[in-house]
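Peer 1: This structure is in structure tokens; I'll ask about it shortly.
The values are calculated or read from the model by the stated rules, or taken from the named source; none is laboratory data. Being a predicted model, the structure only gives us computed values, none of them experimental. Neighbour counts are summed over all protein chains in view; Cβ atoms, including those assigned to glycine, are modelled from backbone coordinates with ideal geometry. With ligands, DNA and RNA removed, areas are computed over all heavy atoms of the protein, side chains included. Shrake-Rupley method; radii C 1.70, N 1.55, O 1.52, S 1.80 Å.
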2 protein chains.
Amino acid sequence: MNKELKYKQVYGRIMELVENGTFHNNTKVPSVRDMSRQMNFSMMTVLEGYNRLVDDGILENREKSGFYVLPAEYRSEYGMSLPRPRFEQIDVYSSNMEIGEDFKNLLETSRRPDFIRLGSGSPSPEFFPGKELALHMSRAARNNFNEINLGNFNHGHAGLRKELSGLMMSGGTDVSHEDIIVTSGATQALLLALKAVTKPGDTVAVESPGYYGYFSLLEFLNIKIMEIPICPQSGLSLKDLETVLNKKKIAALITSPSFQNPTGATMTLEKRGKLCALASKFNLPVIEDDVFGELSFSGTRLPSLKSICQSNVIYISSLGKILAPGYRIGWISGGKYHKDIERCFDKGFFVQNQPCQYAAESFLKSESMNRHLKTLRRKYAENIRMFRNTICENFPSEILLSSPEGGVFLWMKLPDGVDSRDIAAAAAARKISIAPGVLFSSRGLYSGYVRLNAGVVWSSKVKDAIVVLGNITGDLQKK
Amino acid sequence: MNKELKYKQVYGRIMELVENGTFHNNTKVPSVRDMSRQMNFSMMTVLEGYNRLVDDGILENREKSGFYVLPAEYRSEYGMSLPRPRFEQIDVYSSNMEIGEDFKNLLETSRRPDFIRLGSGSPSPEFFPGKELALHMSRAARNNFNEINLGNFNHGHAGLRKELSGLMMSGGTDVSHEDIIVTSGATQALLLALKAVTKPGDTVAVESPGYYGYFSLLEFLNIKIMEIPICPQSGLSLKDLETVLNKKKIAALITSPSFQNPTGATMTLEKRGKLCALASKFNLPVIEDDVFGELSFSGTRLPSLKSICQSNVIYISSLGKILAPGYRIGWISGGKYHKDIERCFDKGFFVQNQPCQYAAESFLKSESMNRHLKTLRRKYAENIRMFRNTICENFPSEILLSSPEGGVFLWMKLPDGVDSRDIAAAAAARKISIAPGVLFSSRGLYSGYVRLNAGVVWSSKVKDAIVVLGNITGDLQKK
């Protein structure tokens, strides 16, 4: 038996004792030495298993005292039984296949306008200050009628870039507006980042489960996909990432450290530091997707990877989740890769339209932006609470549910044996959409999971839809 | 001596006699039989040479009567001595090199805002109804404040797609709005077209001289470039294209049949038909770039390739040259490749912003669009006339100048030995930009040429700039 399998036994043994209640909150687990004797493994192996449990938010390493079980309030019910892809599953997905029709249908259903769209990836427009934005657009268009109609070749309207730099600064990330390029949404920012640091046939690491838009974009660019497990408690599994980096050339990592889509995971501060160290050691370009970063329910945010490691991190974000989805304004700041990104931007002529940039600048400059963000965070937090309560009352008790501290998504593990595609089909007949878990892997994982978008205006209709989903799930469980 | 070299001798002999004035307008040239005896070549060889002269707009084949020299008014002074790249030069350009710093500097100089920008590729904003557009934007934003802020996943705002379909229809091209995708400018439309019909490493044929944006985009996509000569009289050389198609696998052709950038060439109707037949024979995807198509000075336009051959032609265009450069609205209609293009669009998430689409729809729907286009054509025609007159008065008599029937560009052959880069450098010191010919080849051709943008507001400053350019050229010629 090799070492890899041994430390998994350690991991499994502790998990078992936590899950069956033998180890309570704050229980001190056996010392590394004792456990090593009990299981007849080396101390190194036991330590490896314990460290993984720390990474995944199950144990806590109290300095000079030992390892303790984290109090339950720090472990979401969900985090405790995250389905980690087994190591054998961490393998390169060959991306030569087309996006399947199934996949396309699922996506289309999740977005149907006549549906209660709990499957959509975008919050409802009612969350955004549409009327006020329209006034800013109207004013910007009339005041700058010549400028907004100029065929331009720059990397974005300087006024907007300054505002975006200010927005980042207020979150603790110090980037000059000259190091920002405005793009058409975060996806085109990602496209530019990938073009700059990869070539066709390369392999890029992504979080698993992860945003389906990454998979399709990577396919579009003929890049292979390596899925790395993410823990909904503490974010990306760095151990798994390191294992992969030691074995294989990885051209870049895409990670969304704050309120990840779909799990809502937020990478711990400690892990952020470690990831930056890893990136530096392996000279790995890290693409940080921060589109949900502003949406912390408490209002505070952990330091971005970019703020920890300016050089190796390519930062991308957008206004799509926080202000104006219809404006398609994203941006990118590429650290030491920025010149390459600029070259790609120039070559592919990715210049953005002017009117949306002027209007967004005008809104960001106003007092309204701070007020709007505060309201938005409060509304999203309230919606997540309403969703969680209604789900707990109306779904079988066997489900597990994420408890995100920001963003708009809930990630739910279904009772054993229930396939989310069956729920999606039954829900579609009732004009309700959900995002089945299979969308969030390039390799067909997560069929037993569902992502729900809580970014819809709360109403009795929405509540009824959740009740219907709960009933469907219950019925499927009984079959 | 092989056949290829022989027919070039025939071509050269006739050209010589036309250029030295031995053959006048409407002169009947020796019959194929007589010429064959005179030069001791086969009749096939002579016919080949004559046919090329017909292709290039030098001779005319009058049915049952023979070959005649075209009247001078049908031959631009320029068309007569187009520097055809020799056949040996028709070769694949390996595009692994980066865009050079030189190239970048030349481009940047040509666009400097404090300059008289005769080197720019965009018309001045004063040619566009900026104030009126701003009102449409303002109204569209306020009337559709929710719609324009929706994160959307469709292929463009349906209302705009209908207007674009209508615009194409008024030019004789019948395409349903459902077969139109709205893109960020024509370049992204081209990117999607190329992604749909090529893969990295393929070779794509382009017109030479041709738009530098093509070269950089093809490099961006790791596609090799094959330059095919274009005749400023009659457009793309189909003989050369056919030669290439017989020798090599070409993944697609990019052609701009109306008022080509930089030459202003317009492909004859006969050639349009022949090109479509060739495309069908070789199953060649033809990407028709029609961004200047609306800018015919006479107001009439030849049928688009798309209207002749719906299936094989991928049509792309934009509002950038005719209405609103700052809006970055382009579109694409892909014939039998349309489904593949839609897939690429979805994969890469190329969704466009909403406000510009609603504003453009509103303007296109109004009475103003037709009026604006008429005014624009008249203004451009007038500017081209002023430019030509001022150039003829102030440049050395050895230059040759294009005489376009639409668009905004003039293409000038400099006196022998004068390099356009030297003119660009001397002009930059006087705050005037030009686009040196080397920009229009991926292989360093056309150093003896210049493109001028006549799409600037005519003024004494502009006139003075042309005088300065004429003096610089004269001085360089004397050296």
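Peer 1: Can you name every residue in region A:450-466 that is open to solvent by 10 Å² or more (accessible area, probe 1.4 Å) and touching a residue at least 12 places away in the same chain (Cβ under 8 Å)?
Peer 2: A:Val456, A:Val457, A:Trp458, A:Lys461, A:Lys463
Peer 1: Also: Checking the structure you have, find out if any residue of region B:357-367 is in contact with a strand residue (DSSP E or B) (Cβ under 8 Å, 6 or more places away or on another chain) and either surrounded by 24 or more Cβ atoms within 10 Å (Cβ to Cβ) or in a loop (DSSP other than H, G, I, E, B) (or both).
Peer 2: Yes; the residues of region B:357-367 include at least one that is in contact with a strand residue (DSSP E or B) (Cβ under 8 Å, 6 or more places away or on another chain) and either surrounded by 24 or more Cβ atoms within 10 Å (Cβ to Cβ) or in a loop (DSSP other than H, G, I, E, B) (or both).
Peer 1: Something else now. I'm trying to understand the selection: among the residues of region B:215-225, which are open to solvent by 10 Å² or more (accessible area, probe 1.4 Å) and more than 10 Å from chain A (Cβ to nearest Cβ)?
Peer 2: Within region B:215-225, B:Lys224 is the sole residue that qualifies.
Peer 1: To continue, here is another question. With A:Leu5, A:Leu47 as the choices, which residue is part of a helix (DSSP H, G or I), over 15 Å from A:Gly66 (Cβ atoms) and without any contact (Cβ under 8 Å) to a residue 24 or more places away in the chain?
Peer 2: Step by step, each of A:Leu5, A:Leu47 is checked, and only A:Leu5 is part of a helix (DSSP H, G or I), over 15 Å from A:Gly66 (Cβ atoms) and without any contact (Cβ under 8 Å) to a residue 24 or more places away in the chain.
Peer 1: Are any residues in region A:297-319 in a loop (DSSP other than H, G, I, E, B) and within 14 Å of another protein chain (Cβ to nearest Cβ), and if so, which ones?
Peer 2: Correct list: A:Leu319 only.
Peer 1: Kindly indicate whether B:Ile322 is within 14 Å of another protein chain (Cβ to nearest Cβ), in a helix (DSSP H, G or I) and among the hydrophobic types (A, V, I, L, M, F, W, C).
Peer 2: When the stated conditions are applied, B:Ile322 does not pass them.
Peer 1: With respect to A:Glu77, determine if the residue is modelled with pLDDT under 75, closer than 30 Å to A:Ser122 by Cα and assigned to a loop (DSSP other than H, G, I, E, B).
Peer 2: yes
Peer 1: Check whether at least one residue in region A:282-289 is within 14 Å of chain B (Cβ to nearest Cβ), touching a residue at least 40 places away in the same chain (Cβ under 8 Å) and within 16 Å of A:Leu190 (Cβ to Cβ), and report yes or no.
Peer 2: yes
Peer 1: Mind listing just one residue for me: the one in region B:8-44 that is of a type in the set (Lys, Arg) and without any contact (Cβ under 8 Å) to a residue 40 or more places away in the chain and, of those, surrounded by the most Cβ atoms within 10 Å (Cβ to Cβ)?
Peer 2: Ranking the candidates gives B:Arg13 first.
Peer 1: In region B:379-423, how many residues are open to solvent by less than 30 Å² (accessible area, probe 1.4 Å), in a helix (DSSP H, G or I) and either more than 30 Å from B:Glu294 (Cβ to Cβ) or in contact with a Cys (Cβ under 7 Å, 6 or more places away or on another chain) (or both)?
Peer 2: 1
Peer 1: Please work out if A:Gly470 is open to solvent by less than 10 Å² (accessible area, probe 1.4 Å), out of contact with any strand residue (DSSP E or B) (no Cβ under 6 Å at 6 or more places or on another chain) and over 30 Å from A:Leu319 (Cα atoms).
Peer 2: Yes, satisfied.
Peer 1: If you don't mind, another one. B:Ser176 - would you say it is at pLDDT 80 or above, among the hydroxyl-bearing types (Ser, Thr, Tyr) and surrounded by fewer than 18 Cβ atoms within 10 Å (Cβ to Cβ)?
Peer 2: yes
Peer 1: Surrounded by fewer than 20 Cβ atoms within 10 Å (Cβ to Cβ), within 30 Å of B:Glu398 (Cα to Cα) and in contact with a Leu (Cβ under 7 Å, 6 or more places away or on another chain), is that true of B:Glu60?
Peer 2: When the stated conditions are applied, B:Glu60 passes them.
Peer 1: In the set A:Ser120, A:Ser170, A:Ser165, which member is more than 14 Å from chain B (Cβ to nearest Cβ) and modelled with pLDDT under 95?
Peer 2: A:Ser170
Peer 1: Restricting to region A:328-352, name every residue that is within 12 Å of another protein chain (Cβ to nearest Cβ), without any contact (Cβ under 8 Å) to a residue 60 or more places away in the chain and either open to solvent by less than 10 Å² (accessible area, probe 1.4 Å) or of a type in the set (Lys, Arg) (or both).
Peer 2: A:Lys339, A:Lys347
Peer 1: Provide a single number: the residues in region B:152-210 that are in contact (Cβ under 8 Å) with a residue 40 or more places away in the chain, hydroxyl-bearing (Ser, Thr, Tyr) and not in a helix (DSSP H, G or I).
Peer 2: Summing the residues that are in contact (Cβ under 8 Å) with a residue 40 or more places away in the chain, hydroxyl-bearing (Ser, Thr, Tyr) and not in a helix (DSSP H, G or I) in region B:152-210 gives 6.
Peer 1: Right, something else. Return the residues of region B:227-257 that are open to solvent by 10 Å² or more (accessible area, probe 1.4 Å) and outside any helix (DSSP H, G or I); say none if nothing qualifies.
Peer 2: B:Pro232, B:Gln233, B:Lys248, B:Lys249, B:Ala251
Peer 1: Of all residues being touching an Asp or Glu at 6+ places or on another chain (Cβ under 7 Å) and within 13 Å of another protein chain (Cβ to nearest Cβ) in region A:131-159, which is farthest from A:Gly326 (Cα to Cα)? Just the residue, please.
Peer 2: The extreme case among them is A:His155.
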